[in-house]
1. Is the stretch 173-180 home to any residue that is within 29 Å of V266 (Cα to Cα), in contact with a strand residue (DSSP E or B) (Cβ under 8 Å, 6 or more places away or on another chain), in the same structural domain as M234 (by TED's automatic domain parsing) and assigned to a loop (DSSP other than H, G, I, E, B)?
2. Here is a list: D115, D126. Which entry is without any contact (Cβ under 8 Å) to a residue 40 or more places away in the chain, under 30 Å from L261 (Cα atoms) and in contact with a helix residue (DSSP H, G or I) (Cβ under 9 Å, 6 or more places away or on another chain)?
3. Of the residues N145, N203, N135, only one is free of Cβ contacts under 8 Å to residues at least 40 places away in the same chain and either more than 19 Å from W246 (Cβ to Cβ) or surrounded by 14 or more Cβ atoms within 10 Å (Cβ to Cβ) (or both); which?
4. Quick check: anything in the stretch 216-230 in a strand (DSSP E or B) and of a type in the set (F, W, Y)?
5. What number of residues within the stretch 112-132 are at pLDDT below 90 and either assigned to a helix (DSSP H, G or I) or crowded, with 16+ Cβ neighbours inside 10 Å (or both)?
6. In contact with a Leu (Cβ under 6 Å, 6 or more places away or on another chain), touching a residue at least 40 places away in the same chain (Cβ under 8 Å), aliphatic (A, V, I, L, M) and more than 22 Å from Q119 (Cβ to Cβ) - does that describe any residue in the stretch 262-273?
7. Read through the list (1) over 28 Å from P168 (Cα atoms); (2) in contact with a Leu (Cβ under 9 Å, 6 or more places away or on another chain), then give the number of the only condition that V239 fails.
8. Is there a residue being within 23 Å of R207 (Cα to Cα) and charged (D, E, K, R) anywhere in the stretch 147-158?
Amino acid sequence: MMAEFKMAQLRHFVWVVEYKGFHAAAEKACRTQPAISLSIKDLENKLGTAVFEKRNARTTLIELTPFGQEFLPKAKELIAHHDRLSLDMSLLREHKTGHLRIASVPSIACRMLPDVLSQFVKNLPDLHVSFYDDNSEAVLRMVENQQVDLGIASLWHQDEHSDKTFTPIWEDRIGVVCRFDHPLADANELHWKALRQQRLIRNGTSRLLEDSEAAPLLEDSQFYISSMMSLIAMLEAGVGITTLPWFAFPKDSATLRFIPLSEPQVIRHIGLVQLSDKSLSPAAQALADFIIESTKK
């Protein structure tokens, strides 16, 4: 039968050797000398042989048996491995190491996450982060397939996603985006019917209008563009107009204008998405908590 070692007994053995005596080892362990002697005796019973030579009553010299000499480096190796593993798990538990995988819709990825992630990883040099940005449907698929630990997206028709937990964090209003010289560019706000005579470009966020009175705009759209980069290029070229949430609007654009949609007022809710039956990794849970706390300020 294989011996099952206790780490405390291995440490006591090594300390007796390193500190050259049971008394000094007892002081190191904050134990009594008889307790250290019993610990070594139990270790020897498990090993089936002695690790120290019998002590001469006339001397306190500690001498290893031949077996003890062979066992000493093995004991040190086992202690070092245990301590490395314990430290690794402690760092992992405290999210100071490991691999964090997150996915987000582009608007939050561009507007919010640079500052959030910069603050979050400030003192975590050994935490590796893989970050993906895509539309909400793609982010939800990555969460479902467990390709990421945490998703940041909108959750349309929550009743269709009973397998997910959604924690709302941000909300932004839908508006009309057009070029600065477009006839609608100087409006303070717009009714959806004012858009029906315009060349409309539908995009991934247009489905936010599906359950509103502005739903006919989806059928009126002449173009559909999935890529935000291509959409912005088309808008800047004056090809047409579109609807976008405020966070998705390029905030430094000198070419485009954002006009809030007044009728209907459509609000997009964005939040943290995770699988209901799966616990987050320590790093992902720490990030989720950090985002929740930082948005309260």
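The values are calculated or read from the model by the stated rules, or taken from the named source; none is laboratory data. Keep in mind that what you see is a predicted model, and the values were worked out from it rather than measured. Neighbour counts run over all protein chains shown; Cβ positions are idealised from the backbone, glycine included.
1. yes
2. From the options D115, D126, the qualifying one is D115.
3. N145
4. Taking every residue of the stretch 216-230 in turn, at least one turns out to be in a strand (DSSP E or B) and of a type in the set (F, W, Y).
5. Residues in the stretch 112-132 being at pLDDT below 90 and either assigned to a helix (DSSP H, G or I) or crowded, with 16+ Cβ neighbours inside 10 Å (or both): 2 in total.
6. Yes, that holds for at least one residue.
7. (2)
8. no
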